[in-house]
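K.L.:
One structure coming up, written as structure tokens, with questions to follow.
The values are calculated or read from the model by the stated rules, or taken from the named source; none is laboratory data. This is a predicted model, so every value here is computed, not measured. All Cβ positions, glycine included, derive from the backbone under ideal geometry; neighbour counts span all protein chains shown. Remember, those area values only see protein heavy atoms, side chains included, never the ligands or the DNA or RNA. Shrake-Rupley method; radii C 1.70, N 1.55, O 1.52, S 1.80 Å.
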Amino acid sequence: KEIFISFGLFLFLLKNFFKNSIKQNYLIYLIKLISPKIVITAVENSGDFHVTSKSLRRSKIKFFAVQHSDLRGSDYVEKGNPINKLFFIPTLFCFSNYDKELFEKTDAKINKFIPAGSLKASIFLKKLKEKKISLNENKYDICLIGEPASRTINDLRDLDQYYEIPGKIAKFTLQLCKKNNLSLVFSGKNPELDYQHLEEVLYYKYFLKDHSFDILPKKNSLSTFENAFQSKLIIGHASTFLREI
């Protein structure tokens, strides 16, 4: 909401005009001016972070990124793709060694990996412990993760009939529950008052014409964890949440 302008910034922008975008040069100058000990981001695929951390790699400032998305199957981990050549992260707190091995096969430049699990999952577990919340881990037989592919483009989009996959998974899951009398919690991706929740319902209605079902809208950022935590089995497709849980 605020832009800081100075004569020094003006000179820096002119000097580096052809090196980076104006936004990236502005961020580099501002960070140099603030001179923090640490710069950290929760968006590991941020181009601004990559350019900034690379430009200031010889400074005393330490740059950290925390993994928030599962990038398998995306352009970011495709060998030879120009987009992953732009990756520059001095230290990445990743989900697991699997992610380390994934990135090491690409052209991404990541100096250090620290497998640390999911930040959101750890926040959820900490909340349970601090508030002494007791949940029944056997409340549901199956938790189905809502992943409507009506408008969004996710991983593995190059597969034929990609947009049908989450719908068919839901159909097979409901058939399984009906056949074996299993309890199901269908955990939605979007809040109830969000127009995308309506899209989600309409998407699944198309595939589940022969089934009665209820999609629980997302109450908060941790409600999907709550549903999954109370289930014996979690089923999904390409959701980052599957990796996190």
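K.L.:
Does at least one position in region 39-54 carry a residue that is hydrophobic (A, V, I, L, M, F, W, C) and in contact with an Asp or Glu (Cβ under 6 Å, 6 or more places away or on another chain)?
P.N.:
Within region 39-54, none of the residues are hydrophobic (A, V, I, L, M, F, W, C) and in contact with an Asp or Glu (Cβ under 6 Å, 6 or more places away or on another chain).
K.L.:
Separate question: What tally of residues in region 82-109 results from selecting those that are more than 19 Å from PHE225 (Cβ to Cβ) and either touching a Ser or Thr at 6+ places or on another chain (Cβ under 8 Å) or of a type in the set (Ser, Thr, Tyr) (or both)?
P.N.:
Qualifying residue count for the region: 8.
K.L.:
Right, something else. Quick check on region 61-83: of everything there that is out of contact with any strand residue (DSSP E or B) (no Cβ under 6 Å at 6 or more places or on another chain) and charged (D, E, K, R), which residue is surrounded by the fewest Cβ atoms within 10 Å (Cβ to Cβ)?
P.N.:
Top of the filtered list is LYS79.
K.L.:
Next question, about the same structure. Within region 204-239, how many residues turn out to be in contact with a helix residue (DSSP H, G or I) (Cβ under 9 Å, 6 or more places away or on another chain), without any contact (Cβ under 8 Å) to a residue 40 or more places away in the chain and of a type in the set (Asp, Glu)?
P.N.:
Of the residues in region 204-239, 1 are in contact with a helix residue (DSSP H, G or I) (Cβ under 9 Å, 6 or more places away or on another chain), without any contact (Cβ under 8 Å) to a residue 40 or more places away in the chain and of a type in the set (Asp, Glu).
K.L.:
Let me ask something additional. Can you name the residue in region 50-60 that is touching a strand residue (DSSP E or B) at 6+ places or on another chain (Cβ under 6 Å) and not small (Gly, Ala, Ser) and, of all such residues, is most open to solvent (accessible area, probe 1.4 Å)?
P.N.:
Of everything passing the filter in region 50-60, LYS54 is most open to solvent (accessible area, probe 1.4 Å).
K.L.:
Report, by residue number, each residue of region 28-46 that is in contact with a helix residue (DSSP H, G or I) (Cβ under 8 Å, 6 or more places away or on another chain), without any contact (Cβ under 8 Å) to a residue 60 or more places away in the chain and under 16 Å from PHE88 (Cα atoms).
P.N.:
Hits for region 28-46 are ILE28, VAL39, THR41, VAL43, ASN45.
K.L.:
Among helices (runs of 4 or more DSSP H) lying entirely in region 133-245, which contain 1 or more residues that are at pLDDT 90 or above, farther than 28 Å from GLY117 by Cβ and open to solvent by 60 Å² or more (accessible area, probe 1.4 Å)?
P.N.:
165-180, 195-207
K.L.:
Checking SER69 against (1) within 30 Å of LEU242 (Cα to Cα); (2) over 20 Å from the mean Cα position of the chain (by Cα): exactly one of these is not met. Which one?
P.N.:
(2)
K.L.:
So which residues in region 15-36 are farther than 19 Å from ILE61 by Cβ and hydroxyl-bearing (Ser, Thr, Tyr)?
P.N.:
Of everything in region 15-36, just one residue is farther than 19 Å from ILE61 by Cβ and hydroxyl-bearing (Ser, Thr, Tyr), namely SER21.
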